[in-house]
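Below is one structure; the comments refer to it alone.
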Amino acid sequence: MSQGVRKPAAVLPQENGYDEVTILWISEGMSCDGDSVSMTASAQPAIEDVVLGLVPGLPKVNLHNKVLSPTAGGEEFLAPYRKAARGEMTEPFILVIEGSIPNENINGDGYWTSFGNDEKTGEPLTVNWWIDQLAPKAWAVVAAGTCATYGGIHAMAGNPTGCMGLADYLGWDYRSQGGLPIVNVPGCPIQPENFMETLTWVLYHAAGSAPPPPLDQMLRPQWLFGKTVHEGCDRAAYYEQADFAKDYNSPKCQVKIGCWGPVINCNVPKRGWMGGVG
């Protein structure tokens, strides 16, 4: 179901790349903010290193994320978002969406989720309104977490919000001002390094020092989601020997008791969660 503006009017010339990039992170989709929290655990690279300019070759990064914001919130926090919506942002910006996108066409007399208020009327501005304003102007759009990428729990049958992933909302043929499709980084929540690696690649591309990140048919980074859980599993040898676990306490292959490893593309069992652990 596509509701927003699918394609920008033109693609900004990149030439030699940009020296400064702003990241506008909206986590007011239907979510728990868990992806923002998880992202802060990344060490390779750390979000602090990216923002402080400690990663060689990256442009200067201005990050606006409510979990990490030094502002007191309110209009001070909303200022860069309003500026970008008006088309007054001088540097290119990356729009990060966290949380699934509700269908505001079926909200009755209210709204499902909002982000700030209209300056003239005082009425809440829906997340959909912000996406409609910002996505056509964004140099790149990144969906953080399973809710933003594919709808997550809120998109299950019977949910009254009609939630969907960002690509379903903007259209799978969407292209940003930088000529990029939506970059999907699924995970509930995101694996910290998976997201930061992807964001860093997009930033290197913005700087003109890297090609566009390679994505698969689901718009996921190929180098992260190109292999199944099974291919990186330490228990795969038991599978080859048809030696299967009969309960969850067994160290053997658990495919017979419900593991979907042979068909799920995820690198977490191989990479671990934080510092290679978990």
>> Tell me yes or no: at least one residue of the stretch 105-113 is modelled with pLDDT of 95 or more, assigned by the TED database to the domain that holds Met30, in a loop (DSSP other than H, G, I, E, B) and on the phi > 0 side of the Ramachandran plot.
In response: no
> Which of the residues belonging to the stretch 134-160 are touching a helix residue (DSSP H, G or I) at 6+ places or on another chain (Cβ under 6 Å), farther than 30 Å from Gly17 by Cβ and among the small types (Gly, Ala, Ser)?
Replying inline: Gly152
> So which residues in the stretch 68-89 are open to solvent by less than 70 Å² (accessible area, probe 1.4 Å) and without any contact (Cβ under 8 Å) to a residue 24 or more places away in the chain, if there are any at all?
Replying inline: Ser69, Thr71, Gly73, Gly74, Phe77, Ala79
>> Given the criterion farther than 30 Å from Gly17 by Cβ, open to solvent by less than 40 Å² (accessible area, probe 1.4 Å) and not charged (D, E, K, R), identify the matching residue among Asn103, Asn65, Asn117.
In response: Asn103
> Could you list, in sequence order, the residues of the stretch 55-81 that are under 21 Å from the mean Cα position of the chain (by Cα) and in a helix (DSSP H, G or I)?
Replying inline: Phe77, Leu78, Pro80, Tyr81
> So, of the residues in the stretch 222-278 that are of a type in the set (Lys, Arg) and under 28 Å from Val202 (Cα atoms), which turns out to be modelled with the highest pLDDT?
Replying inline: Lys227
> Of all residues in the stretch 203-252 being of a type in the set (Phe, Trp, Tyr) and either without any contact (Cβ under 8 Å) to a residue 12 or more places away in the chain or under 28 Å from Leu166 (Cα atoms) (or both), which is most open to solvent (accessible area, probe 1.4 Å)?
Replying inline: Tyr248
> Given Val268, Val255, which one is among the hydrophobic types (A, V, I, L, M, F, W, C), open to solvent by 20 Å² or more (accessible area, probe 1.4 Å), more than 25 Å from Ala41 (Cα to Cα) and more than 14 Å from the chain's Cα centre (by Cα)?
Replying inline: Val255
>> All but one of (1) within 30 Å of the chain's Cα centre (by Cα); (2) over 20 Å from Thr198 (Cα atoms); (3) open to solvent by 30 Å² or more (accessible area, probe 1.4 Å) hold for Gly261; state the number of the condition that does not hold.
In response: (3)
>> With the requirement that a residue be in a loop (DSSP other than H, G, I, E, B), open to solvent by less than 40 Å² (accessible area, probe 1.4 Å) and under 18 Å from Gly165 (Cα atoms), what does the stretch 18-54 give you?
In response: Ser27, Glu28, Gly29, Asp33
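The values are calculated or read from the model by the stated rules, or taken from the named source; none is laboratory data. Please read these numbers as outputs of a predicted model, since none were measured by experiment. Quick reminder, even Gly has a Cβ in these numbers, built from the backbone with ideal geometry, and neighbours come from all protein chains shown. Surface areas here come from the heavy atoms of the whole protein model, side chains and all, with no ligands, DNA or RNA. Shrake-Rupley method; radii C 1.70, N 1.55, O 1.52, S 1.80 Å.
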